[in-house]
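I have placed the structure first, in the form of structure tokens, so that the comments after it can refer back to it.
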């Protein structure tokens, strides 16, 4: 049964896009540049406790609220064979204290309407100013007397191991691990990664030792912002955080990051399950917030890839439709920075996206930016800067930045003046200084069997790595097809696997309901799917308390899609395509001349046969388990809102209904969205009439 066809994947993608549209602003229209507003930031009152904790207080009586931002500015530490010890500590902090049980602690935080969160290098607390004293007591107690017990330790450790396992099939998760490892080196704190092996090596004593050595007030800053009396809050901080023991402290120094590569190269990681390629062009650099180039670098990056109208996005998304969004960034650091540019793109355009990305890097280094682009970039920074000043966290971060980065006291007061002083020549100069495509790694995580051949045609040297950044040989993407196996035998095995031809042919209608989860959409959704042989179909998507949100119908002759009461008939081409399709078990009706057995490959460690099926002038790839014969995956391309997206549907959890197997779980990756459908009821030859498709 084909419960999720190409058009239905498009239908669900449109739902996801419609949800996102209500939550996003129109980024295509840049604000007009104007004179920079005068920025007057209040200078914090500052004092230091005997244990080394530096306290910064900024009064703000506009609202009856207060926030506490604790930052421990240690030199980043290499955790080595116990990588992950800091993340486990961070997860355990705030889960009760030695004097307050976890549940009691959380209940009191909720009662106060407060917000407390912690990490391995600090914490944050906020709430109403009338509770400021108690919130400070809870925060300091959690910091100084954390409940580091075996039960909580094992729980957090297991949770992180499970998170690693769930991320093994995620292209973005692998790219997020491999990129820094290759750029900085795994011997560097910015490049090392957490593995199941390193997590299993960690004990509770390791966590306690890390806390003692690294989580102490010697290099710590506490920023207080809000409706407070400086004298009273100073006494309260002295009586709470003043009891924080300084600790042993340890500084092993900062190892050097790997140098940039000597020539442009592709570092390729094969992910056989990838439906898109993650591309990241990167090089390391030295950029400190206090550098004279800093503001010019911000503007250069904004023009290159820092917004909707940037070079990269207008090329890769708007002009070519390769991606949902292309971006670039360069971070500032006291130690080592990294420039990155890239996007997630469809497999078939991976090579083109690499070439076009390098083209835009060359452009900003060799061509003068237009006066319009420069003015728009400045205007965007001015607007974002002024808007951010409304948030206490921003003011706290600015105060911390000045102290931690040894910046002049008027750094933010003159920030916009320096932004507006950036010239066309400055942009080109810093682009050539900090963006180094000639020394860049182009890290590509993708499906090698589909993208490598074209990547090789770019002429850029390719080196191969596994999903943990270890060098490997060029992978082999297909296995010899066993003798006697053909497209027809694969289809026959599938039909036999689901119950046999006679039982499959006897299925005239299917009515299925499913719980639907769209990534990024918080509400619960449900789908009602009805199908009638040969090609009638109906799908309605509903939300709790909101009724039917969208529907799509086809009665064999005509059809339509409907969203929020707006009905749109199917086009002639769409009707023609649907008339040629078979809704239920299309394998029963394929013209074998349109089906090609391309290869034998693997999906999630299983040997599968890859069939290429010609449908309506397009190719659809279908993957069948070599052992069981069941359909595991369908790959195709769909169009929505003028863009082409790769669509991959994974099928699992086959269960029998009337002696025929149906996949009860389907995971759909379409463009930027991931959708899961868990079917809870499938009925055969009941509950469906012709009227359902009108």
Looking for something farther than 30 Å from residue 81 by Cβ, surrounded by 21 or more Cβ atoms within 10 Å (Cβ to Cβ) and over 32 Å from the mean Cα position of the chain (by Cα) - is there at least one such residue anywhere in region 210-223? no
Scan region 224-240 for residues that are under 41 Å from the mean Cα position of the chain (by Cα) and not in a helix (DSSP H, G or I) and jot them down. 224, 225, 226, 227, 228
When the residues of region 133-171 are filtered to those that are under 28 Å from residue 254 (Cβ atoms) and touching a residue at least 12 places away in the same chain (Cβ under 8 Å), which remaining residue is nearest to the chain's Cα centre (by Cα)? 164
Those residues of region 470-502 which are in contact with a helix residue (DSSP H, G or I) (Cβ under 7 Å, 6 or more places away or on another chain) and either in a loop (DSSP other than H, G, I, E, B) or without any contact (Cβ under 8 Å) to a residue 40 or more places away in the chain (or both), in sequence order: 475, 477, 478
Residues in region 555-568: is at least one touching a strand residue (DSSP E or B) at 6+ places or on another chain (Cβ under 9 Å), in the same structural domain as residue 512 (by TED's automatic domain parsing), at pLDDT 90 or above and under 22 Å from residue 507 (Cα atoms)? yes
Across region 251-285, the tally of residues that are surrounded by 14 or more Cβ atoms within 10 Å (Cβ to Cβ) and part of a loop (DSSP other than H, G, I, E, B) stands at 12
Consider region 41-83. How many of its residues are over 35 Å from the mean Cα position of the chain (by Cα), loosely packed, with under 14 Cβ neighbours inside 10 Å and in a loop (DSSP other than H, G, I, E, B)? 6
Flagged in region 291-308 as under 21 Å from the mean Cα position of the chain (by Cα) and not in a helix (DSSP H, G or I), in numbering order, are 306, 307, 308
Scanning region 490-502 residue by residue, those buried (at least 17 other Cβ atoms within 10 Å of the Cβ) and under 11 Å from residue 661 (Cβ atoms) turn out to be 494, 495, 497, 498, 499
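From the list 87, 126, exactly one residue is under 30 Å from the mean Cα position of the chain (by Cα), in contact (Cβ under 8 Å) with a residue 40 or more places away in the chain and closer than 18 Å to residue 395 by Cβ. Which is it? Let's see the steps before the verdict.
Details: 87 fails: closer than 18 Å to residue 395 by Cβ.
Exactly one of 87, 126 is under 30 Å from the mean Cα position of the chain (by Cα), in contact (Cβ under 8 Å) with a residue 40 or more places away in the chain and closer than 18 Å to residue 395 by Cβ, namely 126.
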Out of 659, 616, report the one residue that is surrounded by fewer than 18 Cβ atoms within 10 Å (Cβ to Cβ), modelled with pLDDT under 90, touching a helix residue (DSSP H, G or I) at 6+ places or on another chain (Cβ under 7 Å) and not assigned by TED's automatic domain parsing to the domain that holds residue 322. 616
Restricting the search to region 130-159, which residues are more than 26 Å from residue 231 (Cα to Cα) and surrounded by 17 or more Cβ atoms within 10 Å (Cβ to Cβ)? 146, 147, 148, 152, 153, 156, 157
Of (1) in contact with a helix residue (DSSP H, G or I) (Cβ under 8 Å, 6 or more places away or on another chain); (2) surrounded by fewer than 15 Cβ atoms within 10 Å (Cβ to Cβ); (3) modelled with pLDDT of 95 or more, residue 388 satisfies every one except (3)
Considering only residues that are over 24 Å from residue 433 (Cα atoms) and part of a strand (DSSP E or B), look in region 342-384 and name the one that is nearest to the chain's Cα centre (by Cα). 344
Limited to region 309-322, what total is found for residues that are under 22 Å from the mean Cα position of the chain (by Cα) and not in a helix (DSSP H, G or I)? 4
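For every residue, the table says whether it meets (1) under 30 Å from residue 441 (Cβ atoms); (2) over 26 Å from the mean Cα position of the chain (by Cα); (3) modelled with pLDDT of 95 or more.
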{"site": "453", "(1), (2), (3)": "yes, yes, no"}
{"site": "474", "(1), (2), (3)": "yes, yes, no"}
{"site": "481", "(1), (2), (3)": "no, yes, no"}
{"site": "497", "(1), (2), (3)": "no, yes, yes"}
{"site": "512", "(1), (2), (3)": "no, yes, no"}
{"site": "516", "(1), (2), (3)": "no, no, no"}
{"site": "526", "(1), (2), (3)": "no, no, no"}
Quickly run through region 503-532 and pick out the residues that are outside any strand (DSSP E or B) and surrounded by 19 or more Cβ atoms within 10 Å (Cβ to Cβ). 504, 507
Which pairs do you get when a residue that is assigned by TED's automatic domain parsing to the domain that holds residue 325 and without any contact (Cβ under 8 Å) to a residue 40 or more places away in the chain, found in region 347-372, comes within reach of a residue that is surrounded by fewer than 22 Cβ atoms within 10 Å (Cβ to Cβ) and not in a helix (DSSP H, G or I), reach meaning Cβ atoms under 6 angstrom, with the pair 6+ apart or on two chains? none
So is residue 437 closer than 30 Å to residue 281 by Cα and either surrounded by 13 or more Cβ atoms within 10 Å (Cβ to Cβ) or touching a residue at least 40 places away in the same chain (Cβ under 8 Å) (or both) or not? yes
Residue 84, sole failed condition from (1) closer than 30 Å to residue 185 by Cα; (2) modelled with pLDDT under 95: (2)
Could you grab me the full set of residues in region 391-443 that are more than 29 Å from residue 368 (Cα to Cα), touching a helix residue (DSSP H, G or I) at 6+ places or on another chain (Cβ under 7 Å) and in a loop (DSSP other than H, G, I, E, B)? 407, 409
Could you tell me which residue of region 444-462 is nearest to residue 352 (Cα to Cα), considering only residues that are part of a loop (DSSP other than H, G, I, E, B) and touching a helix residue (DSSP H, G or I) at 6+ places or on another chain (Cβ under 8 Å)? 458
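The values are calculated or read from the model by the stated rules, or taken from the named source; none is laboratory data. All figures in this text were calculated on a predicted structure; none of them were measured in a lab. Here Cβ is always computed from backbone atoms with ideal geometry, including for glycine, and neighbour counts include all displayed protein chains.
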